[in-house]
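Reviewing the structure listed below.
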There are 2 protein chains.
Amino acid sequence: MNIGEASKASGVSTKMIRYYEQIGLIAPAHRSEAQYRTYEDTDIHTLRFIRRARDLGFSVEQMKTLLALWHDRARASGDVKAIALEHIAELDRKAAAIAAMTATLRHLASNCHGDGRPDCPILDDFADAPPESDLPEVSARFGRANIG
Amino acid sequence: MNIGEASKASGVSTKMIRYYEQIGLIAPAHRSEAQYRTYEDTDIHTLRFIRRARDLGFSVEQMKTLLALWHDRARASGDVKAIALEHIAELDRKAAAIAAMTATLRHLASNCHGDGRPDCPILDDFADAPPESDLPEVSARFGRANIG
DNA sequence: GTAGTGCTTCCCATCATGGGAAGGTCAAGG
DNA sequence: CCTTGACCTTCCCATGATGGGAAGCACTAC
């Protein structure tokens, strides 16, 4: 199976398959005589594993660990669960950051009549809200939310 | 006021102040004889505005528009509200994507006894879950969630 | 044998942010 | 007056995961 077929079968783009190989997430693919990468069913299985983990928001680093645990038949399920729980906690933190943003924005928007008049509480808030040091809020605790 | 003081007064790092100037989000600062950037209170006001918008998750492009509207005394509040609502919708989409991930992960983790035994439903799911085309789920609708 | 598709590698872009080097400037204290 | 240290300048590079695209082979179908 060439890389294009492997991509279709796994749902991982050819670009990403090559990238994952380059950074060592997956082993270098076998090559045909013409240096084409070739993939077996087991490789597709691995790629699907990666796809699934990626869809659940795991980073490449986490996937490296998960793949190692997957290949280690003697691993402790607690090790896997710990990674999952840590990731859940991280996602919860991001969700909380987003929720805080939307709550503030919804409040501001609800006070903005949103018609042709220039008066706008949203801009007023942006211009006059106290700097974050006054409120130990989300952005202070979690840093810049890289969710944009 | 030099850039360091402006940074402390606004909560925007010196690096980012220079960057915002470079990409045209803010006007080039006045310079001292020694080419040091100097800032007035009005500049700090603008930087705080940016800081606030950034903390609420707005992109640089959105901030550009918001700043333009802020400086336009004749703007319609509806224009501002539209941007805010669109941003809220985007944040809600991301929150939904995160919620879907955590729901799945929580379910998998709850079925994982998480002790020293190797049996692990989490890895089993990763290895055997059907490819995403079977389920028109979050990742398919919203693309790769860049929330990681 | 040629057209078209697929593969290869290599470089560049994203977005917002930080790190760090090399060198100029300023204020305080000896 | 000169040194020291803190500050400023510009320039380059890195992040993480992903895509775009070019130049050049390889393969397939007709």
*asked:* Need one value for B:87-100: mean number of C-beta atoms belonging to other chains within 10 Å of its residues' C-beta atoms.
replied: 5
*Which distances in nm, rounded to one decimal and ordered from shortest, link the label point of residue B:127 to the equivalent label points in the other identical copies, with labels set 7 Å from Cα toward Cβ?*
6.2
_Around residue B:92, under 12 Å between beta carbons, what's the net of Lys plus Arg minus Asp minus Glu among the other residues?_
+1
*Find the accessible area per residue for the protein assembly as shown; the probe is 1.4 Å, ligands and nucleic acids are left out, and the unit is Å².*
53 Å²
*Under the Karplus relation 6.51 cos²θ - 1.76 cosθ + 1.60, θ = phi - 60°, what is the ordered set of whole-Hz ³J(HN,Hα) values for the range B:71-77, x standing for Gly and Pro?*
7, 8, 5, 9, 4, 8, 4
*asked:* Can you give the FRET efficiency to the nearest 0.05 for residue B:22 and residue B:103, using r as the Cβ-Cβ distance and R₀ = 35 Å?
replied: 0.25
_Sort B:79-88, A:23-32, A:39-48 by packing, meaning the average of other beta carbons within 10 Å per residue, with the highest value first._
B:79-88, A:39-48, A:23-32
*Shortest first, in nm, what separates the label point of residue B:21 from those of the same position in the other copies (7 Å along Cα→Cβ)?*
4.7
*asked:* Suppose a student asked you for the relative contact order of chain B, using Cα pairs under 8 Å spaced at least 6 residues apart; what percent would you report?
replied: 15 percent
*Relative to the present Cα-Cα distance, how much length would full extension add between residue B:124 and residue B:96 at 0.36 nm per residue of separation?*
7.6 nm
*Other-copy label distances relative to residue B:61, 7 angstrom Cα-Cβ extension, nm*: 2.9
_Size of the B/A contact, given as accessible area buried on both chains, probe 1.4 Å, in Å²_ = 5500 Å²
*Please turn the phi angles of the range B:110-125 into ³J(HN,Hα) values with the Karplus equation 6.51 cos²θ - 1.76 cosθ + 1.60 (θ = phi - 60°), one per residue in order, whole Hz, x for glycine and proline.*
5, 8, 9, 5, x, 10, x, 6, x, 4, 9, x, 5, 5, 4, 5
*What FRET efficiency would be calculated for the residue pair residue B:41, residue B:13, taking the C-beta separation as r and a Förster radius of 22 Å, to the nearest 0.05?*
0.70
*Please determine, in degrees from 0 to 90 and to the nearest 10, the orientation of helix A:41-55 with respect to the longest principal axis defined by the Cα atoms of chain A, where the helix direction is its Cα long axis.*
10 degrees
*asked:* What whole-number distance in Å separates the alpha-carbon centres of the range B:24-76 and the range A:10-34?
replied: 44 Å
*Calculate the spin-label point distance for residue B:32 paired with residue B:117, positioning each point 7 Å from the Cα along the beta-carbon direction, and give it in nanometres.*
7.0 nm
*Would you work out what percent of the accessible area of the protein assembly as shown, with all protein chains in place, is carbon or sulfur (probe 1.4 Å)?*
52 percent
_Table column - 3J(HN,Hα) (Hz), the range A:60-66, Karplus curve with 6.51, -1.76, 1.60, x for Gly and Pro_ = 4, 4, 5, 5, 4, 5, 5
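The values are calculated or read from the model by the stated rules, or taken from the named source; none is laboratory data. Just so it is clear, the structure is predicted and the values come from calculations on it, not from any experiment. Note: ideal-geometry Cβ built from the backbone for every residue, glycine included; neighbour counts use all protein chains shown. When the accessible area is computed, the model is the full protein with side chains, heavy atoms only, and any ligands, DNA or RNA have been set aside. Shrake-Rupley method; radii C 1.70, N 1.55, O 1.52, S 1.80 Å.
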